[in-house]
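A short write-up of the structure that comes next.
The values are calculated or read from the model by the stated rules, or taken from the named source; none is laboratory data. Treat the numbers as computed from the prediction; the structure is a model and nothing was measured. With ideal geometry, Cβ positions are generated from the backbone for all residues, glycine too; neighbour counts draw on all protein chains shown.
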Ligand code: ATP
């Protein structure tokens, strides 16, 4: 077995240990839809919290929002999505497979069946999912599932401004589901039709936008090293003129080296006043403006956007953390080197034996830790096997309770990454783990 990280290994570990399951598997599965299992749910929640803290609580000028998934259909006319949010598609007339015209050579044989000259003319296919609100299925009830969370922020600009007394420059952050009828959904949870985004729109004075753009590029890249991602697995990719979205003045992707190659993880976009101005025009109300309290000047703010995929970040964190490590003696252990803050389980409490009061003592230690951390109690199997099970799900600490614990009140803390061990008084375990997690550095 090769030691490189492959998508097959990640998919298999995710299923085996309960991170991610195929949706509706019992009915043969639904393509491109995935369910997060017990550990995946914790991991996703922790990554969301990590982002939220970094993007709101650490800044005194960024506030949160949680907008509805369904919005007035005019929002998507104003944003340009009804007109522009499409991929050009071709069908092979021979095998009926559908492709994105920009991803294949339409003059060449079909990659599926080999037929030559068999493609239809490209047609634009809008990626927005639509449905009908209310009991009558007609055009009046047509609504879309939001294809991005950003527009919920733009249309609430005035509400947030008036209710939270923020002053420019300031940001609004939101995490939530978005939906796109993607044609090609492969590579596990990398690209799915239902996914989650973590977005922040930063409103600034026109003319200061380039400075803020640089600030957010730097800040977002640093965030990933704080999350413990290998710096050599991250890079910027600047959009060329042919890649720029209709609203963008400048755009950089932060890319990660996934098993299938370098791919986008997050976009940092300079959106100018495009969105606010369009909503001003399409709503017929010129309300999305800002009155500078110092100069009494009224203007439409410029926007710098940082837009990351939450579910795509889950995949990145799994891929970057995964290692098959060869141990002395030729044994191989699978370990996930998660940053402790996002690890689904922080500590495992392991009684060496199930008798002589050792298990009761271990249960007591578990209860003490539970109010602070997500802990897991495991008393079955050899201790080495229990350690391996925890390594494989990325648990940073194993706490072993033994006969000495009964005598002197200490327990053994074992580190996931170095496998080193140390005796620590059980009474100071909470503080010990808390400060050790704070000092965490990715090896
Ligand atoms: P791509 O080029 O991969 O289709 P995009 O440039 O359209 O992505 P944005 O609209 O900038 O993506 O969305 C911001 C982020 O949302 C992306 O960087 C990605 O992490 C995430 N994202 C976008 N589409 C999907 C999807 N279908 N599945 C999972 N995550 C997605």
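Restricted to region 242-269, and to residues there that are over 21 Å from the mean Cα position of the chain (by Cα) and closer than 22 Å to residue 208 by Cα, the residue that is nearest to the ligand (Cβ to nearest atom) is 245. Which condition from (1) buried (at least 19 other Cβ atoms within 10 Å of the Cβ); (2) touching a helix residue (DSSP H, G or I) at 6+ places or on another chain (Cβ under 7 Å) is the one that residue 233 breaks? Here residue 233 meets the rest and fails (1).
Based on this model, can you work out whether residue 322 counts as more than 16 Å from the ligand (Cβ to nearest atom) and surrounded by fewer than 22 Cβ atoms within 10 Å (Cβ to Cβ)?
On the way: more than 16 Å from the ligand (Cβ to nearest atom): yes; surrounded by fewer than 22 Cβ atoms within 10 Å (Cβ to Cβ): yes.
So residue 322 passes the test.
Run down 315, 288, 350 and say which single residue is away from the ligand (no atom under 16 Å from the Cβ), outside any strand (DSSP E or B) and buried (at least 16 other Cβ atoms within 10 Å of the Cβ). The unique qualifying residue is 288. Scanning region 295-310 for residues being surrounded by fewer than 23 Cβ atoms within 10 Å (Cβ to Cβ) and not in a loop (DSSP other than H, G, I, E, B) gives a total of 4.
How about region 36-102: which strands (runs of 3 or more DSSP E) wholly inside it have at least 2 residues that are crowded, with 16+ Cβ neighbours inside 10 Å and in the same structural domain as residue 25 (by TED's automatic domain parsing)?
Numbers: elements: 62-64, 86-91, 98-100.
Per the criteria, 62-64.
Collect the residues in region 173-225 that are part of a loop (DSSP other than H, G, I, E, B), more than 10 Å from the ligand (Cβ to nearest atom) and crowded, with 21+ Cβ neighbours inside 10 Å, keeping them in residue-number order. Within region 173-225, 188 is the sole residue that qualifies.
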